[in-house]
Amino acid sequence: MMRTAQWVVIIGLLALTTGMGVRMYTQWQLEKQPQMLSEFSFLDGASTFHSSNEWKGKILVINFWATWCPSCLKEMPSFMVLQSKYGNEKVQFIGIALDDVAAVKVFQEKTGVNYPLLIAGDWAGFALAKKLGNIMSAIPYTVVVNSAGMIIYRHMGELSANELNSVVEPLL
């Protein structure tokens, strides 16, 4: 009887590991394929409606984040520096918060983020992130869109300024 239970556990673990491997491989393959940016629109903390078409023709760095996500908060200061550095060269950072309005408003007032923070909430934000390639529904998640509207880079997890520079600078 014990041997049967052990085999069931072993087979279950193998199936789980295989499933995770397939999902990671699928994500890796998806990240390599260019994709047109789908139009999206959300409100900011001041209840102003913004559409992705507002930044048409610019290089976009779209970052999905939340106020409760330590990795998200850690990468934001370098995004602010890069927005200041590249803002005059047609680069626009956009933060899409998977959070509530009150939390984002407090965060923005406290930090003075120098790029738009749009509030998508959980469901709409994760749905858009998934549509843009985030099949793991993880944050932070960042995509870079060239001036023609093609997603050319996707990154799950914390993104360093150096890595982001290596993606953005060749587009300028």
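The values are calculated or read from the model by the stated rules, or taken from the named source; none is laboratory data. Keep in mind that what you see is a predicted model, and the values were worked out from it rather than measured. In this analysis, Cβ positions are derived from the backbone assuming ideal geometry, glycine residues included, and neighbour counts consider all displayed protein chains.
From Asn63, Asn53, grab the single residue that is modelled with pLDDT of 95 or more, surrounded by 11 or more Cβ atoms within 10 Å (Cβ to Cβ) and in contact with an Asp or Glu (Cβ under 7 Å, 6 or more places away or on another chain).
Asn53
State all residues of region 121-139 that are touching a helix residue (DSSP H, G or I) at 6+ places or on another chain (Cβ under 9 Å) and within 19 Å of Leu159 (Cβ to Cβ); if no residue qualifies, say none. Write out each step before concluding.
Within region 121-139, the subset touching a helix residue (DSSP H, G or I) at 6+ places or on another chain (Cβ under 9 Å) is 121, 133-139.
Hits for region 121-139 are Gly133, Asn134, Ile135, Met136, Ser137, Ala138, Ile139.
Of a type in the set (Ser, Thr, Tyr), in a helix (DSSP H, G or I) and at pLDDT below 95 - does that describe any residue in region 26-36?
Here is the first cut: in region 26-36, the ones of a type in the set (Ser, Thr, Tyr) are 26.
Imposing the further condition that a residue be in a helix (DSSP H, G or I) reduces the set to 26.
Checking the rest, the ones that are also at pLDDT below 95 come to 26.
Taking every residue of region 26-36 in turn, at least one turns out to be of a type in the set (Ser, Thr, Tyr), in a helix (DSSP H, G or I) and at pLDDT below 95.
Go through the residues of region 89-109 one by one and say whether even a single one is over 12 Å from the mean Cα position of the chain (by Cα) and over 20 Å from Asp44 (Cα atoms). Steps first, please.
Filtering region 89-109 down to residues over 12 Å from the mean Cα position of the chain (by Cα) leaves 89-92, 99-109.
Now narrow it down to the ones that are over 20 Å from Asp44 (Cα atoms): 89-90.
Yes, some residue in region 89-109 is over 12 Å from the mean Cα position of the chain (by Cα) and over 20 Å from Asp44 (Cα atoms).
Looking only at residues in region 131-172 that are among the polar types (S, T, N, Q) and surrounded by fewer than 21 Cβ atoms within 10 Å (Cβ to Cβ), which one is nearest to Tyr86 (Cα to Cα)?
Here the residue is Asn165.
Give just the number: which of (1) farther than 18 Å from Leu159 by Cα; (2) without any contact (Cβ under 8 Å) to a residue 60 or more places away in the chain; (3) buried (at least 21 other Cβ atoms within 10 Å of the Cβ) does Val101 not satisfy?
(3)
Which numbered condition in (1) among the aliphatic types (A, V, I, L, M); (2) touching a residue at least 24 places away in the same chain (Cβ under 8 Å); (3) surrounded by fewer than 21 Cβ atoms within 10 Å (Cβ to Cβ) is the only one that Leu73 fails?
(2)
Could you tell me how many of the residues in region 83-98 are farther than 27 Å from Ala127 by Cβ and surrounded by 18 or more Cβ atoms within 10 Å (Cβ to Cβ)?
At the first step, the residues of region 83-98 found to be farther than 27 Å from Ala127 by Cβ are 84-90.
Those still in the list that are surrounded by 18 or more Cβ atoms within 10 Å (Cβ to Cβ) too: 86.
Residues that pass the stated criteria total 1.
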